[in-house]
Amino acid sequence: MTRGQWRSVAEWSGAAAAPFSAAAALVPLRGSVPNATVALVLAALVALVATTGTRTTAVVAAVSAGAGFDVFHTRPYGSLAITRAQGTENSR
């Protein structure tokens with residue numbers, strides 16, 4: 001592989017791993033920090049990747065952040081499933 005190819009692989013790997021890892025690192029704060037704050041932190045990380053990388057790496061980071069938020073910060077934890085939409089029980 002050439003140096004440019006290695007850099008591309010590193011950018012893609014970082015774009016996929018950084019937001020997901022950040023979502024996992026914020027799990028201990030799950031009870032004391034609102035989900036909106038966690039989402040804002042992940043959005044800022046995606047924005048950082050978007051400004052330093054390419055459009056494709058930004059999309060990869062956004063998908064990774066969404067998946068990380070879903071897995072670690074929505075119930076049932078540890079799954080991509082969402083059992084209910086928040087706030088719908090009082091909407092009628």
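The values are calculated or read from the model by the stated rules, or taken from the named source; none is laboratory data. Every value quoted in this text rests on a predicted model; they were computed, and no experiment measured them. A quick note on method: Cβ atoms are made from the backbone with ideal geometry, for glycine too, and the neighbour counts reach across all protein chains shown. With ligands, DNA and RNA removed, areas are computed over all heavy atoms of the protein, side chains included. Shrake-Rupley method; radii C 1.70, N 1.55, O 1.52, S 1.80 Å.
Miscellaneous remarks
- Geometric descriptor of region 1-81, per residue, is 88 Å³ (volume of the convex hull of the Cα atoms).
- Ala81 versus Thr52: modelled label distance in nm, points set 7 Å from Cα along the beta carbon direction: 3.7 nm
- Evaluating 6.51 cos²θ - 1.76 cosθ + 1.60 at θ = phi - 60° for every residue in region 55-61, the Karplus couplings come out as 4, 5, 5, 5, 5, 4, 5 Hz, glycine and proline recorded as x.
- Packing-based ranking of 57-67, 18-28 yields 57-67, 18-28, ordered from highest to lowest mean Cβ neighbour count within 10 Å.
- Per-atom-type breakdown for the chain gives carbon and sulfur 64% of the accessible area (1.4 Å probe, protein chains only).
- Solvent exposure of the chain as accessible area per residue, Å², 1.4 Å probe: 68 Å²
- Note that region 12-23 has calculated 3J(HN,Hα) couplings of 5, 5, x, 5, 7, 7, 4, x, 5, 5, 5, 4 Hz, one per residue in order, obtained from phi through the Karplus relation 6.51 cos²θ - 1.76 cosθ + 1.60 (θ = phi - 60°); glycine and proline are x.
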